[in-house]
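Reviewing the structure listed below.
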Amino acid sequence: KSQNISLSEAKSFLSKVMVYKEFAELVGMVRAGTAVKYGVKSDNFATQVPGEMNANSKLPIVNDTIGYQNTNIRFNGLNYPPTSNIVREQLKTELAFRESGILDDSGKLTVSAIRNSKLIPLSDGVIKNPAIVKHLTKDGSNISDWHKMTTESIKLSNGQSLQIHYYKNLKTGAIDYETKDFKVKGVVKP
């Protein structure tokens, strides 16, 4: 309900509310501090935090890390050790293509990358590699509908310019991601 009160009554009331609020905050801080320091169960504080809570101190190792030393990174069907320069450069290149809007998060070409791609003229105008022809036409399509394409170039931080080459069926719009010719053109330099 609303009621008319004088200015001095309003100030007195607000002063009491602020004192109560500050007291409630203080009680909350004391409870939280006590729970953390002594491991008292209170809301989410179920166990004592070891040692002092200092953001600059090292955290204790609570268990051994198992198997990390032997973990390999699988990239494009091959296994590499985690320290491999090949993997680093491949991942940097893939990230550059993603950041440029050429590849999406699944590693496939974006709609705009496909739209902005250019045809690569082939000698005799058709794809000749028998293994590639067999793969591209396994769905019954005609090899003359498939064309080699290139995306726009991107520039890496080392100044190198790269693009992705791939096959596209100009009748159906299908893109081939499975053959070896879906690739970054050129050797990625460190």
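All of the numbers you see were taken from the coordinates with simple rules; none came from a lab. No experiment lies behind these values; they were computed from the predicted model shown. Note: ideal-geometry Cβ built from the backbone for every residue, glycine included; neighbour counts use all protein chains shown.
Before moving on, here are some points about what is shown:
- Segment 114-190 shape via C-alpha gyration tensor axes, a/c threshold 1.5: prolate
- Radius of gyration and maximum dimension Dmax of segment 130-175, Cα, Å: 14.0, 43
- Stretchable slack from residue 139 to residue 123, in nm (0.36 nm times residue separation minus alpha-carbon distance): 3.3 nm
- Sites residue 105 and residue 172 - FRET efficiency at Förster radius 22 Å, r taken between beta-carbons, to 0.05: 0.35
- The label-point distance for residue 15 and residue 183, in a model that sets each label 7 Å from Cα toward Cβ, rounds to 8.3 nm.
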